[in-house]
Structure formats: C-alpha cells, structure tokens
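The structure under discussion appears below in the form of structure tokens.
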Amino acid sequence: MRCPVLIVGAGPTGLVLALWLTAYGIKVRIIDKAAEPGTTSRALAVQARTLELYEQLDLAQAVVGHAHKVPAMALWVKGAPAARVPVMELGRGLTPYPFVQIYPQDEHERLLIAALEARGVHVERRVELVGLSQDGDHVRAQLRGPAGEEIDSEAEYVVGCDGARSRVREAIGGGFPGGTYRHLFYVADVDAAGPVANGDLHIDLDESDFLAVFPLADAGRVRLIGTVRDERADRAERLTFDDVSNRAIEHLRLEVRRVNWFSTYHVHHRVTEHFRNGRLFVAGDAAHIHSPVGGQGMNTGIGDAVNLAWKLAMVLDGVAPDALLDSYQAERIGFARRLVNTTDRIFTFVTAEGPIARQVRTRIVPVVFPRLIASAAFRDFVFRTVSQIGIRYRGSPLASGAAGKVHGGDRLPWVADPGQDNFRTLDLRWQVHAYGSAGSDLARWCDAHRVPLHVFAYTDAHARAGLARDALYLLRPDTYVALADRSGDVDALARYFATRDISLPWRA
C-alpha cells in the first residue's frame, strides 16, 4: 500500500495534520499504537491562535461551545486569595478570541476524530511503526498490526506525531538536546466544592512546588496540576492522590467529593536538532517538549501541523519545489527553542526554593502582577505571548517586504470594523488583501491566477493595527503575511512566486 502521507500518531498534532491535508484533497493514512483515544489528558488550554486557524475548517465554534472561558486568575497565599486578575477580555481588540479557554485534550481529540471521520478518514488503531527507510521517491514503513502481523507500507512522506519517544525522530537522526525536570508532575481530575470551584483558575504560591486548580466546563469539576520533588517523587508509580491532596485541601480549602482519575509523569525540556530529513518530518512532542507552564504544548503541535500541511499539499500537487518544505524547520524550530527556554525560565522561577524566592512569590507577585496587568502594554505583551498570536516568521525564506508596521512573516492583524472583519475572508488558499484601494493591474493578475483579492475600505482601525493604506498584502494559506508591498505593485507579486518557483493557480 502506498499513500501520499503516512502520519504516525493520532494526538491533536497528527489529527490536525490529517484534517488539513484531507481538506486539500491529499490522501493520508494515520496510525496509532494505542487501542483507543485517550480518556485522560494533561493539556487543557486552547489558545487564540489555534482557534483562529480552526476557523479555516469551521472548528472554532465547536471548541468554544464546549469549552470553559476562564473569568479570572486567583493567586493564593496562606489559605486565602491574595489577588484576583480578570482575564476574560485579556486580548480584547487583538483577536476574535480574546479569552483564556479550557478544553481538555481528550474531549478535543474526540472532536478532531469526528471531523476527520466526517471526511472519510479513520485512525488505524493498534498499528505501530517499527521501522523506516527512505528509498528515492518514497519511504518504506514497517508496521505491526493489531494481531502482531507485519505490514509493509509505502508513502511519499512520513510525519512523526508520535510523542517524546518518537520512532520517526530516531530515524531522522540527530540529537534531542535538553534535560529532565527533577519534579514529578501529577494531574488529578476531581469533583469538588469550595472557593476554588468557582470557575476561576487558582494558583497556590505558598510553596516551591507548583500547584494550580483549573476549572472545567462541568460545574463542580476541576483539574489539579502540581509537582512534588521530595522523597515522594522517587515512587512515582506508587503515588496516589492521597499523597498529594493535603496541600490542596488545606491551602486552597478544596473539598474533594470524588477523584475521577489521577496520574503522574516526568517532564523534559528538549528540542530536536532536525525537524526534517528528506521525506521524514516530526511535529508536536516528537519535535519539542517542555514544561506545561502557559498551556503551550498542544497548541504548538497544532501550529506545526498547519504550517507543514499546506506546504506538503503544494509539493504533492506539483506546484512548488521540494525547497518549500525546508521552510517548515526554518520557521518552527526557532519558535520551539524560544518557547522551551521561556517556559523553562518561568517554571524555574515559580518553583525556586529558599526564603528570598518565597518572599517574591508570596509578597511581591500578588501585589505587582495585578498592577502590571492593568497596563495595556504589558497586558497585550502577555496575551500575545501566551495566546501565540505573537508568533511571526520574519527572516523566513517565505517572508518578504514591509508595509506600515506589518512585515512579511507576521500574522495578519485582526481588524473588525462593522461589516469589515478581515479574518472572515481567510481560508486554505493564497489570497491578497488591500486596505483602501487596489489597482486594476492587481485585480487582473489576481483574476488570471485565481487568487482571491479582498479590498477593505480604509479606516482608523486599520491604521492603528499598522496596516498601510493601498498597500498589497499577500497571505499564505496559513494566514501569515507572505509579502507586504507598500506600493501595491503587481510586479512584486509576480516576483514573489517566480523567485520561489511556485506555480499558480493552486486549489482555486
């Protein structure tokens, strides 16, 4: 059996990659060695950038409709809330999704699986990758089926979305540098009552071990995520909820009525040296793993998948050269390294030991942080970082030009004047935006190459967002700006595609 793309691993990263490729008409095969989808989950947050991308396949509202929007974050010291920071509209004016949203990974996966099955693609369960070899224009994959049978498979490309112990990453070669936290992480899903079961996100600052209580959509149900690093961390397999529950009960006044499930795990902070080797790729946890601080992991894997999907589709359709696929690593590895470094610094800070660290956590942070978040500049910085709308690819081989404050490689700024929501036009194709007017030459070029041209009446909101009047903005299929040209010159478009050997029309 040969298919264009074999996807190894059916977590959110693999499922999103399969969905996007299928939407482009690319046939995929997706396998997972697990017998069934996960019924427990560590990942909880669905960030704004993920929801923006989900709009392309009409998935965003399904997520929002089943998720929990967090009203505020409460910081606890000595058994009482020391500060409460509203976060419901933290990113107002920056995105259609300005809130912090909780949607457990197991529920998220079920949504993605249903969407994929609606497109006629089913995950092959209890199928394991056991070997890989590249052979010219394809990859040979040795699989082990549900009954232990050996299955030979061929694909033009193989993408490993198979987690921290990725076999695809091993086949790619190179190192997976980083380290392992000495902390043991635990997750508990509980039915609870008390002041921390009020829908807010609660963080206990008293001790150097991390502890947070995350609200879920079901009333009275919360998720505890914490760490231990004393002698209990050495007996991870035997650790129970009773071993870690006292702190939550005493410090946060939590009344636990039922423990639905409990698990422990160790966390690494690593980024692979190579996201690609020939026809092999890795994405998600197979490429980078880090502390869960900030709810970045699952969203980063989804970003990997969307970035890679349209590039694979163009190359498989024969309208772009193999070199286009090199931009996947060029764009994503830099962000992955910055993310791992950032989450590592934050986690190290919040778990630092000693009297000075304790004073900072319990006395300074509850006073200073609410004041900082009241500043519009700081609030925007925090939201752009956590929500991932601040990710940009300036310096990428696919980024060119600047117009106003917007550069090639930037996420398109969201502007939603009445009747002029510029995100409403975004889909899976290349397209051109102009704010103000567009010349007749540009309109003719777009029509001839079947690239949608959208012209918006220029307003003060566009100016505030950094968009230049009458400039040309070429948008990639993943809605990042490929080319920004102040003059609006159609020749700039022609040069952009010619220098990259990309042919149009494509998927018009």
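The values are calculated or read from the model by the stated rules, or taken from the named source; none is laboratory data. Quantities reported herein were computed from a predicted structural model and do not represent experimental measurements. Quick reminder, even Gly has a Cβ in these numbers, built from the backbone with ideal geometry, and neighbours come from all protein chains shown.
Just give me the residues in the stretch 7-28 being crowded, with 23+ Cβ neighbours inside 10 Å and of a type outside the set (A, V, I, L, M), in sequence order. Write out each step before concluding.
Step one: filter the stretch 7-28 for residues crowded, with 23+ Cβ neighbours inside 10 Å, giving 7-21, 28.
Those that are crowded, with 23+ Cβ neighbours inside 10 Å and of a type outside the set (A, V, I, L, M): 9, 11, 12, 13, 14, 20.
Condition first: farther than 30 Å from residue 304 by Cβ, aromatic (Phe, Trp, Tyr) and modelled with pLDDT of 95 or more. Can you find one or more residues in the stretch 476-486 that meet it?
No, that holds for no residue.
Would you point out which residue out of 89, 109 is modelled with pLDDT of 95 or more and not in a strand (DSSP E or B)?
The conditions single out 109.
State all residues of the stretch 192-219 that are closer than 17 Å to residue 67 by Cα and part of a strand (DSSP E or B); if no residue qualifies, say none.
Result: 201, 213, 214, 215.
State all residues of the stretch 457-485 that are touching a helix residue (DSSP H, G or I) at 6+ places or on another chain (Cβ under 8 Å) and surrounded by fewer than 20 Cβ atoms within 10 Å (Cβ to Cβ); if no residue qualifies, say none.
Once the filter is applied, which keeps residues that are touching a helix residue (DSSP H, G or I) at 6+ places or on another chain (Cβ under 8 Å) and surrounded by fewer than 20 Cβ atoms within 10 Å (Cβ to Cβ), the stretch 457-485 yields only 469.
Of all residues in the stretch 487-508, which are closer than 15 Å to residue 310 by Cα, surrounded by fewer than 18 Cβ atoms within 10 Å (Cβ to Cβ) and modelled with pLDDT under 95?
Across the stretch 487-508, the qualifying residue is only 508.
Could you tell me whether residue 319 is farther than 21 Å from residue 30 by Cβ and of a type in the set (A, V, I, L, M, F, W, C)?
yes
Kindly indicate whether residue 432 is over 30 Å from residue 44 (Cα atoms), aliphatic (A, V, I, L, M) and in contact with a helix residue (DSSP H, G or I) (Cβ under 6 Å, 6 or more places away or on another chain).
When the stated conditions are applied, residue 432 passes them.
Give the residue that is modelled with the highest pLDDT, with candidates limited to residues of the stretch 132-169 that are surrounded by fewer than 16 Cβ atoms within 10 Å (Cβ to Cβ), closer than 16 Å to residue 280 by Cα and acidic (Asp, Glu).
Filtering the stretch 132-169 for residues that are surrounded by fewer than 16 Cβ atoms within 10 Å (Cβ to Cβ), closer than 16 Å to residue 280 by Cα and acidic (Asp, Glu), the one modelled with the highest pLDDT comes out as 154.
Consider only pairs whose beta carbons are under 7 Å apart and that are at least six residues apart or on different chains; among these, list those whose first residue lies in the stretch 257-282 and is exposed (fewer than 14 other Cβ atoms within 10 Å of the Cβ) and whose second residue is of a type in the set (Gly, Ala, Ser) and part of a strand (DSSP E or B).
If the second residue must be of a type in the set (Gly, Ala, Ser) and part of a strand (DSSP E or B), the pairs left are 257/192; 257/193.
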